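Structure first, commentary second.
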Amino acid sequence: MKLNGRELDLSRPQVMTIVNVTDDSFYEGSRTSCAEAIERRVASALEQGAAIFDVGGYSSRPGAADISPEEEWRRVERGLTAVRRVAGDIPVSVDTFRAEVARRAIESFGELIINDISAGELDPEIVDVAARYDAPYIAMHMRGTPQTMQSLASYERDIVTEVCDYFGRRIGELRARGVNRLILDPGFGFAKSVEQNYELMAGLHRLCDMGYPVLSGVSRKSMIYRLLDITPQEALAGTAALNWESLRQGATILRVHDTREAADMVRMFEVYRSYLRGE
């Protein structure tokens, strides 16, 4: 996958570092609301092995407060400016479900990945933005909104089948509307119980077998800290365990708060996988 003339090799695992330009994201350690803090985070993650930066200005934690599109854009613009200043043309995704925010980001900062938690369900026009600019598009499985999603975790069938069938339909719809570069995100923690998240992890290979790169975003989430009765600040070891399993199941991108640990894990996994293949 090429962005701004740079190659992003999705045949091997890549680390996506979260840059939350917010003051209410669920993990306090990821909040970077001022330009100086963003630049420090980006510089550190770049040195530690980040391959992609994911910049978001809208907190999607369960029950998060809604903000206006203009306020979201103000935050995203600040984050993207800092990333470009520190990291140049490194691949960047804009974490938004709003078409206007995605459009302004691409027109202001050049080629970007669009990372949409709703797969175009909340603002269908974002799909047209992705098609118009031929932007790589991360489509995530979710129900409802961040404010309502946790009340919508009841499914008729097992969660792996539900998610795979959803993407089986949605991929065709997105491609028919001109989205050519797709990445799938099963949406760990979004409209799913703790138990459903682990069921989904165990069947992640089924989503990976659909033929598209898969992003796994489990970093410090409630499926770890609620199960272990700890805080997000204490959930690094659990994150590492689930990231390894994500890679083992076939995920291509790890979306993380902790870059060095994820990058080290990718290096270890690549060596491990080479022995499995008999290389």
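Worth a mention:
- Over segment 177-279, the ratio between the Cα radius of gyration and 2.2 N^0.38 Å evaluates to 1.11.
- Computed FRET value (nearest 0.05) for residue 245 with residue 133, which takes r as the C-beta separation and R₀ as 30 Å: 0.30
- Distant-in-sequence amide H partners of residue 138 (H built 1.01 Å from N, under 5 Å): 114, 115, 116, 183
- Heavy-atom surface analysis with a 1.4 Å probe gives the chain a carbon and sulfur content of 48 percent of its accessible area.
- Counting DSSP beta bridges with both ends in the chain, the antiparallel % (nearest 5): 5
- Selected from 148, 96, 239 as most flexible by GNM, with the chain as the system and alpha-carbon contacts under 10 Å: 148
- Extreme residue, positive dipole direction of segment 146-191, given options 163, 151, 182 (C-beta unit charges): 182
- Candidate residues 73, 244: accessible-area rank, largest first, probe 1.4 Å: 244, 73
- Two-site label geometry, residue 43 and residue 202: point separation in nm, points 7 Å out along Cα→Cβ: 4.7
- Span-like helix ranges in the chain, DSSP H, alpha carbon extent 24 angstrom or more, Kyte mean at least -0.5: 159-176, 259-276
- Among 136, 186, 69, the largest mean-square fluctuation in a Gaussian network model of the chain, built with springs joining Cα atoms closer than 10 Å, belongs to 69.
- Rounded if a/c under 1.5, otherwise prolate or oblate - the chain, Cα gyration tensor axes: rounded
- Once the convex hull of all Cα atoms in segment 124-246 is built, its volume per residue stands at 116 Å³.
- Efficiency of FRET from Cβ geometry, residue 125 and residue 148, R₀ 22 Å, rounded to 0.05: 0.55
- When the Gaussian network model of the chain links Cα atoms closer than 10 Å, the mean-square fluctuations of 165, 185, 95 top out at 165.
- Here the chain is treated with +1 on each Lys and Arg Cβ and -1 on each Asp and Glu Cβ, and its dipole about the Cα centre works out to around 440 debye.
- For residue 14, the amide hydrogen comes within under 5 Å of the amide hydrogens of 253, 254, counting only partners 5 or more places away or on other chains and with H modelled in the peptide plane.
- Short-range pairs are left out: with C-alpha atoms under 8 Å and at least six residues apart, the relative contact order of segment 96-253 is 19 percent.
- Per-residue ellipticity at 222 nm from helix content only, as computed over the chain with -39500 (n - 2.57) for each DSSP H run of at least four residues, stands at -14000 deg cm²/dmol.
- Contact order normalised by residue count of segment 1-151, Cα under 8 Å, 6+ apart, percent: 22
- Solvent exposure of the chain, expressed per residue, is 41 Å² of accessible area, with all protein chains present and a 1.4 angstrom probe.
- Fully extended contour minus Cα-Cα distance, from residue 34 to residue 173, at 0.36 nm per residue: 46.2 nm
- Normalising the average separation of contacting C-alpha pairs (under 8 angstrom, six or more residues apart) by the number of residues puts the relative contact order of segment 42-104 at 48 percent.
The values are calculated or read from the model by the stated rules, or taken from the named source; none is laboratory data. Small disclaimer: the values here were computed from a predicted structure and weren't measured. Every residue, glycine among them, receives a Cβ derived from its backbone with ideal geometry; neighbour counts consider all protein chains shown. Areas reflect the complete protein model, heavy atoms only, side chains present, ligands, DNA and RNA absent. Shrake-Rupley method; radii C 1.70, N 1.55, O 1.52, S 1.80 Å.
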